[in-house]
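Structure record follows, encoded as structure tokens.
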Amino acid sequence: MSTPSSPVVQRADDRHRYKILVDGGLARFTKYPDREAQRGFYHTEVDEAFAGRGLAGQLVQEALTDVRAAGKRIVPVCPHAADFLTKHDEFADLTGPVTAGADKSSGLVTALSA
């Protein structure tokens, strides 16, 4: 009997997404585009087989930590990312508003307020 491995979050720049793997299989991902010093999170998906394990929170937290390390700002177009940010003040300094120029299908944003 094998023991399940710990979930692993990876950034896949070629696909503009962060993904979380469980036992090597894709469990969830969140998509982003970059625009200058902004990373706009616009879509998150989960494989229902992995629901209820807290993977979404782990994925978003590690993605936002990576954004901080890259010196970028976060634009939470995706409802899941936006909800996560309302519960985690430690990322408030990185969060920019979703402006009228945000396109929810692509996540592109105009400019962040200072």
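Readers should treat all values here as calculations from the given coordinates under stated rules, not as data from a laboratory. Since the model is a prediction, treat every value here as computed from it, not as a measurement. Here the Cβ positions follow ideal geometry from the backbone for every residue, glycine too, while neighbour counts run over all protein chains shown.
Checking the cross-link filter: which aspartates and glutamates have an alpha carbon closer than 13 Å to that of Lys31, excluding same-chain neighbours under 8 positions apart?
Within the straight-line cut-off, Lys31 pairs with Asp13, Asp14, Glu45.
Could you compute the FRET efficiency for Asp83 and Arg11, with r as their C-beta to C-beta distance and R0 at 25 Å, rounded to 0.05?
Values: r = 21 Å, r/R0 = 0.85.
Rounded to the nearest 0.05, the efficiency is 0.70.
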